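The values are calculated or read from the model by the stated rules, or taken from the named source; none is laboratory data. As the structure is a prediction and not an experimental result, all values here were calculated from the model. Methodologically, a virtual Cβ is constructed for each residue, glycine included, from the backbone with ideal geometry; neighbour enumeration extends over all protein chains shown. These accessible areas exclude ligands, DNA and RNA; they are computed on the full protein's heavy atoms, side chains included. Shrake-Rupley method; radii C 1.70, N 1.55, O 1.52, S 1.80 Å.
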Amino acid sequence: MAEILKAHGSQNDIFVAARTPADFVSDADLRAFVRALCDRAGPLGGDGIYFYDAADVLPRAWFFNPDGSSAEFCGNGMRCLGRVILDLRGQDSTVIRSGDTDYKVTRGPVTPEGVHQITLEHPEVSFNPEVLAGAAPLIEAAIPELDPSLAFTAVTIPNPHLVATVKDYDEASLIAMGETIASRRDLFPAGANLSVLLPVTDTEVFVRTFERGAGLTPSCGSGVVASRAAYSRVSGLDPAERLVVRNAGGVAAASIQVRDGAWYPVLEGNATVVCEAEVDLAGNQAGPVDWATAENTAYAALDTRNTAYLKEHGIQTAHP
């Protein structure tokens, strides 16, 4: 049996489990567990899982996408995991290693509605134009009607991202582009997350991401900060400016700390507990689900306001 907690950042729902990949008999068993647990047709379903080991001073973490593939990290998931470890240790700040990278998480204020906030500091972003080799013609051929002048910025954070600023948001086009990229492992051996950013006001933008291994999710934390970095890169916006980032699942804020010419993104957003449950090692529910009713109700109020904001600004989107 395994105890799991399900939480979400902007409704990008992630499981958190105090286990390690080594606890599974084989890699095939591990990936089958992840796929079964995250299957939306099953009793729980989710956008991925963070396994963690908090026994040492520096907690270790391993992230897996719902298709069973591994990833360097997950931004929204790291906020959720960060809250779990901060609550477990009674701390306000800690550092977690995911992959080969360390991430600092800090407890933020609880909103008047009761929504818990976590701030996540990222390592230095890298702009990698070589990632774009062959990508632009591929994307333009797939979706020529989106924007003939569409230009992409390649950002590694450390997940690989392709980001474009658009004048209008077309969800069907984003899905088609994402599926096209996912099908071309010859050009993107490790896959790539694809994001579009739509400026809404001088201080707010809308970002939507098609994630490798997951597809269209309500939000992507690394997509938010990758898009924030790319936006400053192409628009000249002061990296340090705190920019509100709307998405289909909620709202976050992102800024870039510049130190010695290097850019370090900071992501602020919710880390809301959804439920706790027990599952067997095949990924099947094995006991009652304990729903975090108060937290879910608190977040629903914020989500209602965000949905109204998107509608008011003509942004048509749907949760997957």
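Okay, here's what the table says:
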{"item": "Average accessible surface area per residue within the chain, 1.4 Å rolling probe, Å²", "result": "41"}
{"item": "Accessible surface of segment 170-320, 1.4 Å probe, proportion on carbon and sulfur as whole %", "result": "52"}
{"item": "Residue among 293, 160, 226 farthest towards the positive dipole end of the chain, charges placed on Cβ", "result": "226"}
{"item": "Among 198, 150, 88, residue whose mean-square fluctuation peaks in a GNM of the chain (springs only between Cα atoms under 10 Å)", "result": "88"}
{"item": "Total formal charge among the other residues, if their Cβ is under 13 angstrom from that of residue 201, Lys/Arg +1 and Asp/Glu -1", "result": "-3"}
{"item": "Counting DSSP beta bridges with both ends in the chain, the antiparallel % (nearest 5)", "result": "85"}
{"item": "Relative contact order (%) - segment 253-320, alpha-carbon pairs under 8 angstrom, separation at least six", "result": "19"}
{"item": "Cβ-defined net charge surrounding residue 160, 10 Å radius [Lys, Arg +1; Asp, Glu -1]", "result": "0"}
{"item": "Gap separating the Cα centres of segment 296-318 and segment 40-100, nearest whole Å", "result": "26"}
{"item": "Relative contact order, percent, the chain [alpha-carbon distance under 8 Å, six or more residues apart]", "result": "20"}
{"item": "For the chain, size of Cβ-based charge dipole, Lys and Arg +1, Asp and Glu -1, in debye", "result": "240"}
{"item": "Positive-end residue of 9, 78, 44, charge dipole of segment 1-98 with Cβ unit charges", "result": "9"}
{"item": "Solvent accessible area, Å² - residue 258, 1.4 Å probe, full protein context", "result": "80"}
{"item": "Sites residue 190 and residue 300 - FRET efficiency at Förster radius 45 Å, r taken between beta-carbons, to 0.05", "result": "0.80"}
{"item": "Whole-number percent relative contact order across segment 187-232, with pairs defined as alpha carbons under 8 Å at least 6 apart", "result": "32"}
